[in-house]
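One structure below.
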Amino acid sequence: IGMRVAVFSNARCTVGACAPAPHGWTHSFNTAFRAGGVMGFSLTGVALLSLYALILGLRPLFGSEQTDLMHLFECIAGFGLGGSSIAMFGRVGGGIYTKAADVGADLAGKVVENLPEDDPHNPGTIADNVGDNVGDVAGMGSDLFGSFGEASCAALLVGASSPMIVAAGWGALMFPLTVSGVGIVVCLITNFVATDLSPVRKEADIERVLKTQLLVSSLLMTPCVYGLAVALLP
């Protein structure tokens, strides 16, 4: 999904950038920003959904005691390992395309034919861009998937090792996943700030909008995490 959207959005972003300012800046930035959000939201949503479904599927096989829950989440820890394994293959697969194209045709075009970087007259740039797509979108996406899974599994295991959290109930144990789910909703709301409420109209606005994203998401997420902690944790 991420690679397909990246390919389509690259063409649309280029066409949008040809429009006169400020519409060109707004259209091209919104296209690139929303296309990147597709990979981010689909990655976190699928990871969170699959992890919780796996926990619910394995939960009947274990008891409700603290040692049983620790064994459950130790088994769940393999979820993050699988994501890291897929990330390795994605990185290597994209790296083969990228490095072979860079060292081969792209470098030969610069040295022999005096062509600039990613010149359309050099067909080797096609393989270079394919490698960038696979390595950066699929490889980095699966890498983030593995990191998200490993961090969530570690937090679940740490929570299961605390008698107070186990005694507080299932909601306290699922606190890390609840925070991640609320974070997805907060990021969805924050996205409208960059694309609709305060859009990019010139080059200098790009840095301002991205910094505003960090500030707004932090301001919205802080009370949400506090409320969840008060409601779920002992």
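Quick look at the values:
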{"read-out": "Gain upon complete extension [Phe89, Lys211; 0.36 nm per residue less C-alpha separation]", "value": "40.6 nm"}
{"read-out": "From phi via Karplus (6.51, -1.76, 1.60), per-residue ³J(HN,Hα) for the stretch 48-58 in Hz, x at Gly/Pro", "value": "5, 5, 5, 5, 5, 5, 5, 5, 5, x, 8"}
{"read-out": "Contour minus Cα-Cα distance for Arg59 and His71 (0.36 nm per residue)", "value": "3.3 nm"}
{"read-out": "His71 accessible area, assembled protein chains, probe 1.4 Å, Å²", "value": "90 Å²"}
{"read-out": "Estimated dipole of the stretch 1-157 in Debye, rounded to 20 [Cβ of Lys and Arg +1, of Asp and Glu -1, Cα centre]", "value": "440 debye"}
{"read-out": "Within the chain, longest stretch free of exposed GluC sites (Glu not before Pro) [DSSP loop, at most 12 other beta carbons within 10 Å]", "value": "118-202"}
{"read-out": "Cα-centre dipole for the stretch 68-183 with unit charges at Cβ (Lys and Arg positive, Asp and Glu negative), debye to 20", "value": "460 debye"}
{"read-out": "At R0 = 35 Å, FRET efficiency that the Cβ-Cβ distance of Trp170 and Ser42 yields, to 0.05", "value": "0.85"}
{"read-out": "For the stretch 1-123: accessible area per residue (Å², 1.4 Å)", "value": "61 Å²"}
{"read-out": "Shape of the stretch 1-85, Cα gyration tensor, a/c cut at 1.5", "value": "prolate"}
{"read-out": "Set of lysines near Lys99 by C-alpha distance (under 16 Å), chain-local residues within fewer than 8 positions excluded", "value": "Lys110"}
{"read-out": "Heavy-atom accessible surface of the chain: percent carbon and sulfur, 1.4 Å", "value": "71 percent"}
{"read-out": "Under Karplus coefficients 6.51, -1.76 and 1.60, residue-wise ³J(HN,Hα) of the stretch 9-21 in Hz, glycine/proline x", "value": "6, 4, 5, 5, 5, 5, 5, x, 5, 6, 6, x, 5"}
{"read-out": "Kirkwood estimate for the chain, i.e. one over the average of 1/r between Cα atoms, Å", "value": "20.6 Å"}
{"read-out": "Accessible-area value, Val7, 1.4 Å probe, nucleic acids and ligands omitted, Å²", "value": "80 Å²"}
{"read-out": "Largest-first ordering by accessible area, 1.4 Å probe, given options Val185, Val200", "value": "Val185, Val200"}
{"read-out": "Calculated FRET value between Glu113 and Glu150, using beta carbons and R₀ = 41 Å, to 0.05", "value": "0.35"}
{"read-out": "Probe 1.4 Å - accessible area at Phe29, Å² to nearest ten", "value": "30 Å²"}
{"read-out": "Cα-based helix-to-principal-axis angle, 78-101 vs the chain, degrees rounded to 10", "value": "10 degrees"}
{"read-out": "Dipole-positive endmost among Ser64, Gly169, Thr212 within the chain (Cβ charges, Cα centre)", "value": "Gly169"}
{"read-out": "Calculated FRET value between Phe192 and Leu81, using beta carbons and R₀ = 30 Å, to 0.05", "value": "0.25"}
{"read-out": "Assigned charges on the beta-carbon of Lys, Arg, Asp, Glu; the stretch 179-234 dipole about Cα centre (debye)", "value": "60 debye"}
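The values are calculated or read from the model by the stated rules, or taken from the named source; none is laboratory data. These figures come from a predicted structure and were not determined experimentally. Cβ atoms come from the backbone with ideal geometry, glycine included; neighbour counts cover every protein chain shown. For the accessible areas, the whole protein counts, side chains as well, though only heavy atoms, and no ligand, DNA or RNA atoms are used. Shrake-Rupley method; radii C 1.70, N 1.55, O 1.52, S 1.80 Å.
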